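The values are calculated or read from the model by the stated rules, or taken from the named source; none is laboratory data. Model, not experiment: these values are computed from the prediction. All Cβ positions, even for glycine, are placed from backbone atoms using ideal geometry, and neighbour counts span all protein chains on display. Side chains are part of the model used for accessible areas, which takes the heavy atoms of the whole protein and leaves out ligands, DNA and RNA. Shrake-Rupley method; radii C 1.70, N 1.55, O 1.52, S 1.80 Å.
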Amino acid sequence: MDLTLILLLLAGIVAFFVFLYFVPVNLWITAIFSGVRIGLLELVFMRIRKVPPSVVVNSLITATKAGLYIAEEGSSQRRTLKASDLETHYLAGGNVPQVIKALISADKANINLTFRQATAIDLAGRDVFEAVQISVNPKVINTPSVAAVAADGIQLIAKARVTIRANIQQLVGGAGEDTILARVGEGIVTSVGSAASHKEVLENPDKISKLVLQRGLDAGTAFEILSIDIADVDVGANIGAKLQTDQASADLKVAEAKAEERRAMAVAEEQEMVAKAQEARAKVILAEAEVPKAIADAFRSGNLGVMDYYKLENIQSDTSMRESIAGSGKRKGGSTSKKKE
């Protein structure tokens with residue numbers, strides 16, 4: 001009997017906590033005393049739809065205490081927030097507390113932000129509360145080091161600080177901070193590149209910010225550029241001199257390549273001439289080899305006698321002797337002239 005009572009008691013306790021889970025009476029009482037009109041069954045249905053009632057009720061209480069009103073769809077009238085509005089946004093994957101905080105901040109700062117815009121910004125993946133804060137308190141972003149070359153070939157490395165303010169109307173579909181930084185960097189490169197000398201930029205760095213601001217770099221972005229301040233400008237390498245050095249090195253290599261080509265052509269021509277000389281020498285040798293055959297044929301045919309052959313040999317010997325004497329005389333004369341010198 002005692003065991004049965006204990007089991008019944010445990011079952012009653014479990015049933016009580018289950019009842020409190022599905023019927024949040026304490027939350028309903030808190031809402032009633034805070035001035036939020038919401039039914040108990042509505043809270044039960046929220047729990048069934050897997051929507052945390054505490055998130056919706058606490059957000060409604062915050063909005064009610066802050067005196068927050070939203071515009072009616074298709075009408076200029078305003079009304080208080082309903083639980084169905086917040087429940088729909090939660091089921092769509094939105095952050096209900098952040099939206100309420102953003103709406104309250106915008107209302108206190110007299111920024112025109114509707115509930116529809118706030119939920120759209122939140123569902124787009126942006127932090128709507130942070131956007132409102134940036135609208136009230138502008139944000140400063142620092143650009144990375146941007147290297148640019150002036151017309152005289154000197155490289156300048158500049159850093160800028162960009163003050164931006166969120167544009168509520170452009171938050172959905174507008175470009176982010178990365179686009180702002182990229183456009184500012186491009187503007188710095190263009191401004192420095194259009195300067196005739198790097199000294200002009202160093203003397204008046206504000207010219208860069210003025211030229212960049214005139215380009216309207218915040219078009220199509222979720223921010224409005226308030227100011228662009230050049231924080232630092234450093235002198236880098238002499239790009240012009242480096243390019244000239246590289247060009248001279250390239251010209252030298254081209255000249256060396258052309259000289260090597262001419263040398264190769266000369267060697268080829270020399271080898272061709274040697275080949276031709278060897279070919280001519282071979283022909284001479286072949287012709288000289290035919291001489292004994294011709295003499296033999298002349299002997300056989302009787303056109304050449306023995307005495308004629310001796311005379312021919314004597315003539316050849318005399319010719320060779322004269323050539324040798326003439327050659328030795330030239331050598332002696334040459335050596336004598338050298339001694340006289």
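With the convex hull drawn over the C-alpha atoms of segment 85-171, the volume per residue is 113 Å³.
Taken about its Cα centre, the chain carries a charge dipole of roughly 280 debye when the Cβ of each Lys and Arg holds +1 and the Cβ of each Asp and Glu holds -1.
The sum of -39500 (n - 2.57) across all DSSP H runs of n ≥ 4, divided by the residue count of the chain, sets its helix-only mean residue ellipticity at 222 nm to -21500 deg cm²/dmol.
Take Met321: with every protein chain present and a 1.4 Å probe, its accessible area is about 100 Å². Contact order, relative form, for the chain: 10 percent (alpha carbon pairs under 8 Å, 6 or more residues apart, mean separation divided by residue count).
Using a 1.4 angstrom probe on heavy atoms only, work out the carbon and sulfur share of the accessible area of the chain in %. That fraction is 57 percent. For the residue pairs Lys108/Lys139; Lys253/Lys276; Lys82/Lys139, the alpha carbons lie more than 30 Å apart in Lys253/Lys276; Lys82/Lys139. Taken per residue, the accessible surface of the chain reaches 65 Å², heavy atoms only and a 1.4 Å probe. Projecting the Cα positions of Ala241, Pro292, Ala219 onto the charge dipole of the chain (unit charges on Cβ atoms of Lys, Arg, Asp and Glu, taken about the Cα centre) puts Ala241 furthest along the positive direction.
Counting other Cβ atoms within 10 Å, keep those with at most 13, restrict to DSSP loop, and tell me which GluC sites (Glu not before Pro) in segment 26-95 are left. Of the GluC sites (Glu not before Pro), the ones in loops of segment 26-95 whose Cβ has at most 13 other Cβ atoms within 10 Å are Glu72, Glu73.
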